[in-house]
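Undergrad: The structure that follows is given in the form of structure tokens.
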Amino acid sequence: MKMRLALCGGMAALTLGTGTITAAAAPDGAGGAGGAPPGGTAHPAGGTAPAGQATPAGAVSTADGTRPDGAPPAPDGTRSADGAPAAPGRLDGPELQAALDALHEAGMPGVFAEVRDSGRTWRGAAGVADLATGRPVTPGMRHRVGSLTKTFVAAAVLQQVEAGRVRLDAPIGDYLPDLVPGERGRTVTVRMLLNHTSGIAEYIPYAFPSIQGGPSGVSAQSLDDNRFRRFRPAELIALGLAAPPSGAPGATPGVYSNTNYLLLGQLLERVTGTTAEEYITRNVIERAGLRHTAFPTGPRIQGTHSKMYEALWGVLDPPRDYSVYDMSWVMTGAGMVSTMEDLNRFFDRLFAGRIITPASLTEMRRTVPVVALDGSTIEYGLGLHRVEIPGCGTFWGNEGTVWGAGTVSMTREDGRRQFSFAINLMRWNGPGQPQPHPVDGALSTLKTRAFGCPVSEHP
């Protein structure tokens, strides 16, 4: 898998590391995340560990400290959630921690992760959340997760398909004639928006014109100008519709566009009678049992989080913190805040048929080739990205980035291996720097470890 560096569509320093292995949560994801170095006490029922505490190694992450089958927790974490012995060697905590440490040492200020395999969970972190103070990152921090938002939006749309209020292959003009009028409204379907084959252009270069200047002309001016600006979805959609089309409706390969997912947010609002954010919160986030996932209501992240450093391909040196930012510029495309534990729990619930029906999940997994914002081609379904890893299998999930923050979350097709990790520096590789940057190689190694690939395999 290529770690994409383009905005919203995916991804593209000091040494402190933490990592614990615990028995996994109940199948419905009960229990909270440990958030600090090992050696703390078990978190209280139904909540996250207080600051300075963590789920100790071997503890079961259910609310009452028992396995779902009612038996006492296995003290050494060697039994899976259904009580069966967990396969040895599947979750190598020291190896995973070493990969996080290496990424930090390569120049990433901070990285944190949660990896699950066959009923066991490992959480770790390396580096700092604040370069000025040295405050460490911890595994349970909240983070801007970029285009992971799209999977939540797609699930919400498919719920409306199940309810008979939306048809996947109906023209979007049937629902939003004022926003997408004329021939385009008659030919672009809901499915085309979901899988990026609409041919509708990306609006971000027009909302942020200072990033269009090429290697020598890029500046952060529009990033700073828009930090507290409140965009309306309709004005951003209009920018994408006014731009030259990226292709014919339905043609493949599709071309990735955040305009598609702003339109889907407006579709949800039109058919549900409430905002997309409210609908998704009630019917996707809460249904999945996520406690630390939300659409932000202002520029600040609520709860413990890292600063988020943007280098803008070397233009910003030192990198600038954009963790305080009004996310109205990309809300239903890439605006959500979550934790790595919540992301793993969400995909577990999604693939178990707890959010949408198996028939809807089948539709979600129908992929087409899509050209990402960095020019690479990916296999994309309805809000889902498919990745084939030789020696490891097929993984499903998504990845994303906004200013200063990157996130990846993937689940193997059999559901036994999951990982989510976050980084707090983006677009680090600029002119005059090593090509490729050491961070790129360290990220590749981390992905290899996170996927659970044989050492010789490099996705």
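Undergrad: Scanning segment 74-97 for residues that are in contact with a helix residue (DSSP H, G or I) (Cβ under 8 Å, 6 or more places away or on another chain) and modelled with pLDDT of 95 or more, which turns out least open to solvent (accessible area, probe 1.4 Å)?
TA: From segment 74-97, those in contact with a helix residue (DSSP H, G or I) (Cβ under 8 Å, 6 or more places away or on another chain) are 92, 95-96; that's our starting set.
Among the residues that remain, those that are also modelled with pLDDT of 95 or more are: 95-96.
Details: Glu95: 69, Leu96: 5 Å².
Top of the filtered list is Leu96.
Undergrad: Here is a further query. Out of (1) surrounded by fewer than 19 Cβ atoms within 10 Å (Cβ to Cβ); (2) of a type in the set (Gly, Ala, Ser); (3) touching a Ser or Thr at 6+ places or on another chain (Cβ under 8 Å), the odd one out for Ser246 is which?
TA: Condition not satisfied by Ser246: (1).
Undergrad: A further question follows. Which residue pairs have Cβ atoms closer than 6 Å, lie 6 or more positions apart in sequence or on different chains, and pair a first residue in segment 189-217 that is over 20 Å from Gly146 (Cα atoms) and open to solvent by 10 Å² or more (accessible area, probe 1.4 Å) with a second residue that is acidic (Asp, Glu) and in a loop (DSSP other than H, G, I, E, B)?
TA: Thr189/Asp169; Arg191/Asp169
Undergrad: Across segment 384-412, which residue is modelled with the highest pLDDT among those that are over 11 Å from the mean Cα position of the chain (by Cα) and among the small types (Gly, Ala, Ser)?
TA: Within segment 384-412, the match that is modelled with the highest pLDDT is Gly404.
Undergrad: Provide a single number: the residues in segment 402-417 that are open to solvent by 10 Å² or more (accessible area, probe 1.4 Å) and either assigned to a strand (DSSP E or B) or more than 16 Å from Val387 (Cα to Cα) (or both). Outline the logic, then answer.
TA: Restricting attention to segment 402-417, the residues satisfying the condition of being open to solvent by 10 Å² or more (accessible area, probe 1.4 Å) are 412-416.
With the extra rule that they be either assigned to a strand (DSSP E or B) or more than 16 Å from Val387 (Cα to Cα) (or both), the set shrinks to 412.
Summing the residues that are open to solvent by 10 Å² or more (accessible area, probe 1.4 Å) and either assigned to a strand (DSSP E or B) or more than 16 Å from Val387 (Cα to Cα) (or both) in segment 402-417 gives 1.
The values are calculated or read from the model by the stated rules, or taken from the named source; none is laboratory data. Predicted, not measured: the structure shown is a model, and the values here were computed from it. Glycine gets a Cβ as well: all are built from the backbone with ideal geometry, and neighbour counts include every protein chain shown. SASA here: full protein model, heavy atoms, side chains in, ligands and nucleic acids out. Shrake-Rupley method; radii C 1.70, N 1.55, O 1.52, S 1.80 Å.
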